[in-house]
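The values are calculated or read from the model by the stated rules, or taken from the named source; none is laboratory data. In this text the structure is predicted, and so the values were computed from the model without any measurement. Glycine gets a Cβ as well: all are built from the backbone with ideal geometry, and neighbour counts include every protein chain shown.
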Amino acid sequence: MGNSKQNEFVNLKKITVSDSFWSPFMERIRTVVIPYQWEALNDRVSGAAPSYCMRNFKLAAELTRPELDYGVPCGIGHGGCVFQDSDLAKWIEAASYSLTWHPDPALEQTLDDAIDIVCNAQQDDGYLDTYYIINGLDKRFTNLRDNHELYCFGHLLEGAVAYYEATGKRKFLDALIRYAECIDRLIGPEEGKLHGYPGHEIAEMALVRLYAITKDEKHIKLARYFIDWRGQKPLFFEEEAGRNGKNLYWENSFFKYQYCQAGKPVRDQHAAEGHAVRAVYLYSGMADIARLTGDAALMNACDDLWNNIVNRQMYITGSIGQSAYGESFTYDYDLPNDTVYAETCAAIGLVFFAKRRHLNTSERKSRTHGRQTFQSCPPG
C-alpha cells in the first residue's frame, strides 16, 4: 500500500461537528433514535411488529451454550427476515459512532451486554449467523445468492470495527476476525473450497476496513477474491441454483444476473445495473481494492461506473435507484418523477462510493512508488 495519508480511514475522534444544521440531527439520533431502535430490536415498542432480532441472538446463544438462560420461550424458532442479524449490526455501528463523539457509559454498557450475547452465539469454528445456528448448521453457505450470510457478516464486521475504534475493546472485533477466518477456510479459489461470493455485497469493503486495523493480507485477499470471482464463468449463482433445485427469479427479468451484479466480471461492468444498494456497495469495495492494489482495469471500471451514475442515472437531488421493481438502476436517462424509488440505503451507498472515488483520485497523483501489491485471484 502506498505511503499517502489518503489511504487512511478518517479518525472520527479527531472531528467535531458543531454547526447549526447537523448538530441537532446528531443530538436527536443520540437521544431519541438510538434508544428507540434498541427498544425495537428487543420487541418492546408497543403497537410495532416484533423485530425478533435480539431474541434470535439469545436463542442462538442458548443453543450454542446450553448452560445459558436468556429466558427465550421454548419451542420457538428464528423470527423475522433471513437477514435479521444485520439490524443489530447496523445499530451497533450507529451507537458506536455516537459514543465516539459523545461518551455515554450507559450506552456503552448496553453495547457490551449486546455484544456478549452475540459472542455467546458464535460457533467454535467462528461461524456466526442466527438463521443457520437456529435452523441447521448443515445448511450454511448453501444459498449465498439469496440468504444474506455474507451480507450479515459484512454488517457485523462494520459494527465490530466501529465499536473497536470508539472504545478500544477487542471482544467483538476478535469474534468477527474469527468469523472472517471461518469464511476464508471454506470459501475461496482453492480446490476443495466453495467458489462463491456474496449475493448482497458489503463484505468486500468491510474486509478492507478490517485490513486497515489488522494489516493482515488474508483479509484483503478475501475481499479481492469476492471481487475477482464475481461474474466469472462458470457462473456460481447459476450452479448454486441448480444444486438448490430452483431458478433465480431475476434470471428471466430485464436484469438477469446483473440484478446482483454477477452477470459478467466486474472489470467488464461499465454501467450501473440491478439492485442499487448492492451495486454501490460493490463499487465501493471495488474502489477500495483498486486503490490498495493499483489495479488499473478495476480503477477504470470504477471511473466508468461513477460517470454513468452521476451523469446518466442520478436525480438532481442526488437520489439513485429509479425503480421499485428490483429497487434498482434501470438504464440511461430513465428518471421518472412520479414512480421514483430512491432508497435511502442507496444514497448512503453512493456516499461510500463517492468517498472512495475521492481517495482514488488523490491516490493516483502519488502512485509512483512504495506500493505493496497483492496477488489477484482469477479463476482456474
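Go through LEU222, LEU176 for me and flag whichever is surrounded by 20 or more Cβ atoms within 10 Å (Cβ to Cβ) and under 21 Å from VAL266 (Cα atoms).
Sole residue among the options that is surrounded by 20 or more Cβ atoms within 10 Å (Cβ to Cβ) and under 21 Å from VAL266 (Cα atoms): LEU222.
Of these, ASP129, ASP125, which one is modelled with pLDDT of 95 or more and surrounded by fewer than 17 Cβ atoms within 10 Å (Cβ to Cβ)?
Details: ASP129 fails: surrounded by fewer than 17 Cβ atoms within 10 Å (Cβ to Cβ).
Within the list ASP129, ASP125, the selection yields ASP125.
Can you tell me how many residues in segment 275-325 are on the phi > 0 side of the Ramachandran plot and buried (at least 21 other Cβ atoms within 10 Å of the Cβ)? Working first, answer last.
Applying the first criterion (on the phi > 0 side of the Ramachandran plot) to segment 275-325 yields 294, 318, 321.
Now drop any that are not buried (at least 21 other Cβ atoms within 10 Å of the Cβ), which leaves 321.
Summing the residues that are on the phi > 0 side of the Ramachandran plot and buried (at least 21 other Cβ atoms within 10 Å of the Cβ) in segment 275-325 gives 1.
Can you find, within segment 329-339, the residue that is nearest to VAL280 (Cα to Cα) among those that are surrounded by 14 or more Cβ atoms within 10 Å (Cβ to Cβ) and out of contact with any Phe, Trp or Tyr (no Cβ under 7 Å at 6 or more places or on another chain)? I'd like the intermediate steps shown before the answer.
The first filter runs over segment 329-339 and keeps only residues surrounded by 14 or more Cβ atoms within 10 Å (Cβ to Cβ), leaving 329-330, 335.
Retained after the next criterion (residues that are out of contact with any Phe, Trp or Tyr (no Cβ under 7 Å at 6 or more places or on another chain)): 329-330.
On the way: PHE329: 10, THR330: 14 Å.
That would be PHE329.
Give the residue that is surrounded by the fewest Cβ atoms within 10 Å (Cβ to Cβ), with candidates limited to residues of segment 132-151 that are under 18 Å from LYS193 (Cβ atoms) and of a type in the set (S, T, N, Q).
THR142
I'm trying to understand the selection: among the residues of segment 174-210, which are closer than 13 Å to GLU158 by Cβ and among the hydroxyl-bearing types (Ser, Thr, Tyr)? Don't jump to the end; show me each part of the working.
Of the residues in segment 174-210, the ones closer than 13 Å to GLU158 by Cβ are 176, 179-180, 201-210.
Scanning segment 174-210 gives a single hit, TYR179.
Between ARG140, ARG170, which is in contact with a helix residue (DSSP H, G or I) (Cβ under 7 Å, 6 or more places away or on another chain), without any contact (Cβ under 8 Å) to a residue 12 or more places away in the chain and farther than 23 Å from VAL266 by Cβ?
Details: ARG140 fails: without any contact (Cβ under 8 Å) to a residue 12 or more places away in the chain.
After ruling out the rest, the residue left standing is ARG170.
Of a type in the set (Asp, Glu) and more than 30 Å from TYR331 (Cα to Cα): is that true of ASP184 in this structure? Give the derivation first.
Numbers: of a type in the set (Asp, Glu): yes; more than 30 Å from TYR331 (Cα to Cα): yes.
In short, yes.
Would you be able to tell me the number of residues in segment 121-162 that are of a type in the set (Phe, Trp, Tyr), over 13 Å from the mean Cα position of the chain (by Cα) and outside any loop (DSSP other than H, G, I, E, B)?
The initial filter retains those residues of segment 121-162 that are of a type in the set (Phe, Trp, Tyr), namely 127, 131-132, 141, 151, 153.
Retained after the next criterion (residues that are over 13 Å from the mean Cα position of the chain (by Cα)): 127, 131-132, 141.
From the residues that got through so far, the ones that are outside any loop (DSSP other than H, G, I, E, B) too are 131-132.
Within segment 121-162, residues that are of a type in the set (Phe, Trp, Tyr), over 13 Å from the mean Cα position of the chain (by Cα) and outside any loop (DSSP other than H, G, I, E, B) number 2.
May I ask you to verify whether VAL72 is in contact with a Phe, Trp or Tyr (Cβ under 9 Å, 6 or more places away or on another chain) and among the β-branched types (Val, Ile, Thr)? Before the answer, list the steps.
Working: in contact with a Phe, Trp or Tyr (Cβ under 9 Å, 6 or more places away or on another chain): no; among the β-branched types (Val, Ile, Thr): yes.
So VAL72 fails the test.
If you check ASP43 against the conditions, is it in the same structural domain as ALA95 (by TED's automatic domain parsing), under 27 Å from the mean Cα position of the chain (by Cα) and acidic (Asp, Glu)? Can you show your working first?
Working: in the same structural domain as ALA95 (by TED's automatic domain parsing): yes; under 27 Å from the mean Cα position of the chain (by Cα): yes; acidic (Asp, Glu): yes.
Against the criterion (in the same structural domain as ALA95 (by TED's automatic domain parsing), under 27 Å from the mean Cα position of the chain (by Cα) and acidic (Asp, Glu)), ASP43 qualifies.
Mind counting the residues in segment 292-308 that are part of a helix (DSSP H, G or I) and more than 25 Å from PHE329 (Cα to Cα)?
3
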